[in-house]
Each structure stands twice: as structure tokens, then as C-alpha cells.
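The values are calculated or read from the model by the stated rules, or taken from the named source; none is laboratory data. Note that the coordinates shown come from a computational prediction; the quantities given were computed from them, not determined experimentally. Cβ atoms come from the backbone with ideal geometry, glycine included; neighbour counts cover every protein chain shown. Accessible surface is based on the protein model in full, side chains and every heavy atom, while ligands, DNA and RNA are left aside. Shrake-Rupley method; radii C 1.70, N 1.55, O 1.52, S 1.80 Å.
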Amino acid sequence: MATHQSRIRILSIFGTRPEAIKMAPLVKALAAEPGIESLICVTGQHQSMLEQVLALFDLKTDFTLNVMTPHQTLNSLTAALYGAIDPVLEQTRPDRVLVHGDTTSAMVASMASFHRRIPVGHVEAGLRTGDIYSPWPEEMNRRCIDLSADLLFAPTAQSRDNLLDERLQGRCLVTGNTVIDALQMTARRIEQDAQLRQALDQQFPFLKTGRKLLLVTGHRRENFGDGFLDICKALRHLAQRPDIQIVYPVHLNPSVLGPVTEQLGDLLNVHLIKPLDYLAFVRLMQHAHVILTDSGGVQEEAPSLGKPVLVMRDVTERPEAVAAGTVRLVGTSPASIIAGVDALFDDKALWRRASQAANPYGDGKASQRIVDTLMGRPVDEFLVGQSQFLQGWAHPTLSAPRQLLAS
Ligand SMILES: CC(=O)N[C@H]1[C@@H](OP(=O)(O)OP(=O)(O)OC[C@H]2O[C@@H](n3ccc(=O)[nH]c3=O)[C@H](O)[C@@H]2O)O[C@H](CO)[C@@H](O)[C@@H]1O
């Protein structure tokens, strides 16, 4: 492999909040490695949410591309990304490009690198639902990236098996998911700093003691339209429970923000708030009794915090936590969401079982495994038995000062 001043030049390209969270610990590990020159290019696919993550992990970008325009189609975004990423490849001539997951930014970065014969490493390789329209367009993006990459960093044995079944050319390694590295770094920071904990809790003055928190996130394209109306119907019904309080950080996409505000804006114990920065969101997950979500990352994080998760999708590319019993798929039908939440709120034994499984997604060492692979060092792959259950970081009761809690 060509080197620059005998160091390997690695260009990491990403564009959205979840990619930034999952790439942050890896980029930090790359920067700490003397044999690597690490460069960062952000595409700006979710610029405002991305900046919070970059600041939190103290990351400086080398290139910021502003590719987003109002009412952009996926095709015009794709074209803009090719046009913006190629000059960065020309200028930096990296020895390797790293991309993460399944966004359009990651797909274009991998194909643009492939066209220039620059090797690509795919972090979080091998996730599959088996349906190219769900999630859309992410499932197709994942497949394109895995085809073009020569290093496939699979988070779990299941994702490695998906890759092996497809007989891809790239070399495959089970690393665990870097999101667990990010979560552990963040949870440790919260745990070690009482002042920070207090400041974070002050962001939730509306939380009441004596009511259990149902934390909701939902933003997937497949759920736009009727899906969101059904989700809102279920939440309206659940809000009638006297023991519940619902907090929903609402994604800024108008297809989500519009219906959710219209359907739920008038309910006293449903708190619609802006998307939170990662520190605050981790703190809110710690307070949650149950998490209801259509997010990928939240499904992976919650088991480490001992939180049962109900997933508002019919399929998931993350079957490991379903098998472990922490995650249950409930789709978007109101009846099924309501039944899932009611069961976890009413049945203590069920809640205990769902909150105590070991996290199958990682042990906090994924980034180091990836760096060691890039440096040609031997690596012990991730086994589920190595995962660490962060029971000590779960906070079942609220610790916000009483005067801050709404009566
Ligand atoms: C179903 C699916 O295709 N998901 C993809 C999507 O992520 P995913 O569905 O996880 O995207 P989300 O926007 O839900 O982001 C989740 C992340 O954001 C954090 N969070 C959430 C709410 C909030 O207010 N503040 C906050 O910081 C969560 O803790 C989590 O770490 O893009 C990722 C990055 O390529 C891929 O890995 C996932 O496969």
C-alpha cells in the first residue's frame, strides 16, 4: 500500500448524525495511532445535528461539503455528492477511505473511491433485511458499499454470515459495533461528572417523579404518511395511562414534525422536544422505562443500558437483540404498539427479562479492532460473550432537582 511520509493516509467520509456518533470513537482511535494520518470529510447531509456530535467528541473536520438543498431528490443528492467528493479524493489521494453504514453519503463515497481504485473499508458491514425497499434506500446502499469494499468490518457474527453468504470479495472481520464504544465513552462521562448530570437533567424540567418514561423516536421514511398517523394514534391512547409520561424528540424532517405536532401537540403528558444532542439523549435513555423507536442505533444502544426496546418496523436488520429478548418488533399498527407497551409497563417479570440480556452488539473495543486491522496487527474478533452489560449506568429513577420537576 502506498504511504505518505510512511504513515497510512485514511480519509473517513460521513454525513449524518448516526454515522458521526458511530465514526467518532473510530476517528479518535485513528488519530491516536502514530502509523496513521487521519483525515475527516463530512458531507453535510445532516449538518446541524452533525455539528453537535463533532463538538461532543472534539473532532475537527478537514473538509465540509455542503451538498444539501431544499426539496432535494435522492438522485440530485447523489449527483451532488459525486461532484463534491471526487475533488476531495483528487486532492488528498488517500491510501484508504472509510465509510459507515448505509447512507447515501456512504454509498457515493464508496463508489467514488472504487472508481478511483482507492480501497474502501466498510464499518458496520453486512446488515441486511433481505428487502431492498426496507429500509429504503439504505438496504440498497449497504449492498453497494459491501460489494465495493475490500475490508468489511461486520459488527456481529450474523452480519459476517450475511456477507459470507453473498460471496463478496472483501475480507471480513467481526469487530462489534462502534456505537457501543461511543455509548460507553459518553455514559462514562455522565457517570463521572455529577455537575454534568445535573445540567443534563435540567433539560428535562417537565419530567415527573412517579410516572414511568416511555421514550419515543421515529423518523424512518417507510413510516411517512399512514405509518406516522398510526404511531400517533397509539401514543394518544397510551397517554391516557396514569403511570406514563411520554417524551418524543422529534426529527426535524417536515414529514415527521408536521403530523407528530398536529396529532400529539395538545397532550399534557406527551412532551415533544427538539432532537437532543447525544449526551442529553443518552441521559434520557438512562431515565427511560421502555424505548419505542424505529431507529437502528437506538436498538443497538438500549440493551447496554438495560432498557427494553419496541421497534416500530416489520423487519429489522438487527435480529440479534430480538433473539436475546431485549428488542421486540411491533410494526406500526396502533393495536400492536399499545399491546407491546402495555405488556412492558404491566408485567414486571417481562420487563425484568427484557432489560437484563447481554448486549450482542459490542464490547466497546470495535474501534481498536479496526485500527489494528488497518495496521496489519493480529485481532481477536468480537464474541457476544465479551459484551459488557452496563447495569451500573442504568438510572431507573429521576435525579433532577425536585423544583425542576413539573407538578
Ligand atoms: C434503520 C436504518 O437503516 N438505520 C440506519 C441509520 O441510523 P439510525 O436509524 O440509527 O438513525 P437515528 O437518526 O435514529 O440516530 C440514532 C443515533 O442518534 C442518537 N440520537 C437519537 C435521538 C436524539 O434526539 N439524539 C440522538 O443523539 C441515538 O442515540 C443513536 O446513536 O443510519 C445509520 C448510519 O449509517 C445506520 O447505521 C443505520 O443502519
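Assorted remarks:
- Where the Cα pairs of region 211-309 fall when distances are cut into 10 Å bins, in %: 15, 52, 31, 1
- Residues of region 229-255 falling in the label zone of residue 322, defined by backbone nitrogen less than 20 Å from a point 7 Å along Cα to beta-carbon, are 231.
- Simple spin-label estimate for residue 202 and residue 314 in nanometres, 7 Å along Cα-Cβ: 4.7 nm
- Kirkwood-based shape ratio for the chain, expressed as Rg/Rh from alpha carbons: 0.96
- Rounded to the nearest 10 degrees, the angle from helix 226-238 to the longest Cα principal axis of the chain is 40 degrees.
- Ellipticity estimate at 222 nm from DSSP helix runs (n ≥ 4, -39,500 (n - 2.57)) divided over the chain, nearest 500: -13000 deg cm²/dmol
- Distance (nanometres) between label positions extended 7 Å along Cα→Cβ at residue 380 and residue 79: 5.2 nm
- P(r), alpha carbons of region 137-249 - 10 Å bins starting at zero, rounded %: 11, 23, 24, 27, 14, 1
- The modelled label-to-label distance for the pair residue 252/residue 226, using points 7 Å beyond Cα in the direction of Cβ, is 3.1 nm.
- With Rh defined as the Kirkwood radius, the inverse of the mean 1/r over Cα pairs, the Rg/Rh of region 72-218 is 1.09.
- Accessible area per residue was computed with a 1.4 Å probe on protein heavy atoms; residue 33 scores about 20 Å².
- According to the Cα-based calculation, Rg over Rh for region 285-348 is 0.92, with Rh computed by the Kirkwood formula.
- Residue-wise HN-Hα couplings along region 365-374, as the Karplus relation 6.51 cos²θ - 1.76 cosθ + 1.60 with θ = phi - 60° gives them from phi, are 10, 4, 4, 5, 4, 5, 4, 4, 4, 4 Hz; Gly and Pro carry x.
- Added length on full extension, which subtracts the Cα-Cα distance from 0.36 nm per residue, residue 161 to residue 342: 61.6 nm
- In this structure, residue 356 and residue 117 have a Cβ-Cβ separation that, at R0 = 51 Å, corresponds to a calculated FRET efficiency of about 0.60.
- Segment residue 31-residue 6, extension gain: residue separation times 0.36 nm, minus the distance between their alpha carbons: 7.5 nm
- Backbone amide hydrogens, once placed in the peptide plane, bring residue 98 within less than 5 Å of 11, 12, 13, 121, excluding anything fewer than 5 places away on its chain.
- Region 218-243 and region 112-164: distance between their alpha carbon centers, rounded to Å: 31 Å
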